[in-house]
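Working notes, beginning with the structure itself.
The values are calculated or read from the model by the stated rules, or taken from the named source; none is laboratory data. Keep in mind the model is a prediction, meaning the values are calculated, not measured. We place every Cβ from the backbone using ideal geometry, glycine too, and count neighbours over all the protein chains shown. When the accessible area is computed, the model is the full protein with side chains, heavy atoms only, and any ligands, DNA or RNA have been set aside. Shrake-Rupley method; radii C 1.70, N 1.55, O 1.52, S 1.80 Å.
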Amino acid sequence: MNDSWHPDVEKGLLTALGAGRLGHALLICGMPGIGKRELAGRLAQYLLCSAAPTHALQPCGECKACWLYAAGNHPDLLSVRPDEPGKAIRVDRVRELGAALALTAQLAGNRVGIIDPAHAMNANAANSLLKSLEEPPARTYLLLVSDYPARLPATVRSRCQRISLSRPAEAAALGWLERTLDPAEARRWLSIARGAPLRAADLAAGEARAFREDLFAVFERLLAGKAEPVGAANPYVRTDLGLLTALLDSWVSDLIRLRAGARRPALANVDLGKALAAHAGDLDLVRLFGYLERIRATAASAVALNQQLVVEDLFVAATRLASGARGK
């Protein structure tokens, strides 16, 4: 990713660290695809670096700590993630993290723990984390990364210093995407991804493009009442739910723009404009807004759910968007 998508945030972190005001637990949060995990990694390496400069949040890259970090085996960096994507983080993983952070740093510096995504912790895991948050060992930092911080218990959120990231500046995001995409493609995928460059890069990848085409064909059949929703959902019960909801979100948002009657709506999916416009006139605007809320609620609750039921629910709801007798 770009070296500095969030320069003001990095400056604030560096200033707080220099003044001794950086919290021992940070909740780094924001929408998917804007560089939260990359920022957490940069901060972790900076905190572990033995010769980091003081004028920028940039580790030296030359000391033993940086070499070990780059090799992926720094002994004082501890990471907790779900055993499988989409699964919950179990309590035993958080207990192991707490016990490891209580030990003396092997390189005589800081120790850093990263929990990603933090909202994937189950209730027992979140409760177990409270001890580390309330009684932090000396020279330890906990970095919690989350797309959906509201899913964390208030007891956890209140004990963390919140670092909220916004979308990168459009020029910076486009500049990064244009390293691998032509300018028109970069702008289109960034628009579809609602300004999140990492999500845009994922969407522009070959497999994601094919997935988008296949899913849109199903979506059109659902809107037209030509597909049985439960059966149509079957091929998607083990796919990337984040990608699926992001695509549905962009299409429904464009349908709302078209249905609202703007003369020249700024569509995210310009290449699908004619197809979306062909359906927009048959759809109920109130139902579209309700469906968009459902999609976003699903995306925000995408951990530890029965994905088959979730996808089926979204597909059934899509068939109810049309006005008139069908779906009423």
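Data overview
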{"quantity": "FRET efficiency estimate (nearest 0.05) - Cβ-Cβ, Asp271 to Asn124, R0 41 angstrom", "calculated": "0.35"}
{"quantity": "Helical mean residue ellipticity (222 nm; -39500 (n - 2.57) per DSSP H run of 4+; nearest 500) of the chain", "calculated": "-15000 deg cm²/dmol"}
{"quantity": "Full-stretch length increase - Trp67, Ala300 - with 0.36 nm per residue and alpha-carbon distance subtracted", "calculated": "80.2 nm"}
{"quantity": "Given (1) 28, 52, 19, 1; (2) 33, 59, 8, 0; (3) 32, 56, 11, 1, 0, the label whose value is P(r) over Cα pairs in 20 Å bins from 0, in percent derived from this model", "calculated": "(1)"}
{"quantity": "Theoretical gain in end-to-end length, Glu170 to Arg238 [0.36 nm per residue, Cα-Cα removed]", "calculated": "21.2 nm"}
{"quantity": "Charge-dipole axis of the chain as Lys and Arg at +1 and Asp and Glu at -1 on Cβ define it, positive-most pick from Leu27, Tyr291, Ala277", "calculated": "Tyr291"}
{"quantity": "Carbon + sulfur, % of accessible area of the chain - ligands and nucleic acids excluded, 1.4 Å", "calculated": "51"}
{"quantity": "FRET efficiency estimate (nearest 0.05) - Cβ-Cβ, Leu309 to Leu103, R0 45 angstrom", "calculated": "0.60"}
{"quantity": "Nonlocal amide H pairs with Leu78, under 5 Å, H built at 1.01 Å", "calculated": "Val112, Gly113, Ile114"}
{"quantity": "Share antiparallel - DSSP beta bridges, the chain, percent rounded to 5", "calculated": "5"}
